[in-house]
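One structure is given here, and the rest of the page talks about it.
No value in this document is a laboratory result; all are computed from the given coordinates. Remember, it's a predicted structure, so these values are computed and weren't measured experimentally. Cβ coordinates were reconstructed from backbone atoms using ideal geometry, including for glycine residues, and neighbour counts include every protein chain displayed.
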Amino acid sequence: MSESHEDAQSTDESDAEGKEPTPGIVFGERFELVRKLGEGSIGQVWLASDTQLDGEPVALKILRPDLSRARAALTDLKRELLLTRKLRHPNIIDVQTFWQSDGYQFITMEYVEGDTLGAALAGRDRPFTIREVLSWFREVSDALDYAHSQGILHRDIKPANILLDETGHVRVADFGLGSALWENEEKESDAPTVPQGTLFYISPEQLMGDSLDERSDQYSLASTVYELVSGAPPFHSGEISAQIQVKSAPAIEYLSKTLNKVLLRALSKSPFKRFSTCAEFFEAFAAAVDEAPNQDVEATARVRSDQNRDTIVLNKMSFNTRKTRLGRLMIDTGVITQMELMDALIHQNKNEMKLGQALVELGSVSHEQIVATLSEQLQIPVTTLEDEAIDDEIASTISKQMASQYCCVPLRKSSYGVLVALADPLDMQVLNFLEEAFWNGIELLVATESNIEAAIEEIYA
């Protein structure tokens, strides 16, 4: 639809504004609403009948009224639609056009009969088998790589954005529809809250507001596959955003070591450690399945999926926010008060020390309470290091000076990398150092500074 047509249709906006969409209403003198299909952070999705095409079913995504008033956001949305409507792939929902009519802003899209994978998983007692997921995995990979070849990122891959049609094939929905809106959040001071991604599936770099490439979508795809075969996303309890940044995804117990390695590689914190394309990721996964034919045994884990997980706002995290994260975790768990945190921040700045040390010096908490909070919120086991098996060769990978500086001890090889005990798993500088030292990945334990220091003296004596 042309821009002039849109403007002409918007003349009756004031008369209709505030009316709730209901079955029977005709939008744009053409689309008769049939039933509501769902609702998300952008707006409502309706099944409609196209009266100009003999009642052909069509999906309408009706934008929230406050989004409709964000002019800069809508301009970018229209530009994004011009790109995404050119995508023609058997596993991508066709986007048709943007409308302004009857006081509403809405997008028309191809209608596909069927549930989302999120709804299908939520309706089961157990996760899907590897064999069930494999064909869907291939089709989504093909769709994403095709979109990437056209210069388009999805930015919100999750089970709720993948539809399973009546023939058993999947279709990816909502390419770029949210991103065009939320990228304007900082440009327009009066712009409403708009979506940026879904926390359970978002890549570390997207969470931090960094620049993205196709490997960010790959991470979200890996999180989706992980949930479909295990019943829950990689990180689903505790402080999710911190875990996405600092903790390696746990292996899925019933999968083979080879399959887990493939899946966990696509979930690497660094995009440079992931596969170059989604197709490469799928091919490695499929090869691992062929090597372990018993992987089609259905998992017995309980499904913890929530089909209603919504796209949410995830503002770029500032350096100061990262520095106070420990304090916020301890407030959330009731260990300290807001006033105690403020006092500790003043003490920290005055004495140039870490926040945890400031809290301990002021008597607000003990080292043990800090470790317990980190363990609970980050889902990282606690160790005293007294009974830990330590491989001297692994430990000597880093010097005593570096171990002391970063307050960490490499212990031994694990199934999926190197097991490391450290005092502050929220310290990105430490984690980056360890990732560079141990390219195959790290698994974390948390310990008090005194236990770490004692172990360093013993190991490097």
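Sum up the charges of everything whose Cβ sits under 13 Å from the Cβ of Gly114, counting Lys and Arg as +1 and Asp and Glu as -1, but leave Gly114 out.
-4
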Computed label-point distance, nm, for sites Asp290 and Glu352 using a 7 Å Cα→Cβ extension: 6.0 nm
From the phi of every residue in segment 453-461, what ³J(HN,Hα) in whole Hz does the Karplus formula 6.51 cos²θ - 1.76 cosθ + 1.60 yield, where θ is phi - 60° and glycine or proline is x? 4, 5, 5, 4, 4, 6, 5, 9, 4
Integer Hz, Karplus 6.51/-1.76/1.60 couplings in order for segment 94-111, x for Gly and Pro: 6, 9, 9, 7, 9, 10, 10, 7, 6, x, 10, 10, 8, 10, 9, 9, 4, 9
When averaged across all projection directions, what area in nm² does the alpha-carbon convex hull of segment 114-296 cover? 11.0 nm²
With 10 Å bins from zero, work out the P(r) of segment 40-146 over every alpha carbon pair and list the percent per bin. 12, 35, 33, 17, 3
Sorted by chain and then number, the residues having a modelled amide H within less than 5 Å of the amide H of Thr198, at least 5 places away or on another chain, are Ile312
Skipping prolines and chain starts, which residues have an amide H placed within reach, meaning under 5 Å, of the one on Leu37, given they are 5 or more residues away or on another chain? Val45, Trp46, Leu47
Overall dimensions of segment 319-459 by Cα: Rg and Dmax, Å: 15.2, 46
In what order do Trp439, Trp99, Trp46 fall by count of nearby beta-carbon atoms within 10 Å, going from fewest to most? Trp439, Trp99, Trp46
Report the GluC sites (Glu not before Pro) located in segment 375-417 that are in a DSSP loop and have at most 10 other Cβ atoms inside 10 Å of their Cβ, or state none. Glu386
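Tally Lys/Arg at +1 and Asp/Glu at -1 over every other residue whose Cβ is under 11 Å from the Cβ of Ala266; what's the total? Write down the numbers at each step before the final one.
Numbers: positive: Arg215, Lys261, Arg265, Lys273, Arg274; negative: Asp217, Glu280.
Net of charged neighbours comes to +3.
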If you rank Ile25, Ile456, Ile346, Ile42 by fewest surrounding Cβ atoms within 10 Å, what's the result? Ile346, Ile25, Ile456, Ile42
Using the C-alpha atoms of segment 192-268, what convex hull volume per residue, in cubic angstrom, is computed? 101 Å³
Diagonalise the Cα gyration tensor of segment 23-63 and give the resulting equivalent ellipsoid semi-axes, square root of 5 times each eigenvalue, largest first, whole Å. 18, 9, 8
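Only counting other Cβ atoms within 10 Å, I'd like Met330, Met402 sorted with the fewest neighbours first.
On the way: Met330 25, Met402 14.
With the sparsest Cβ surroundings first, the list reads Met402, Met330.
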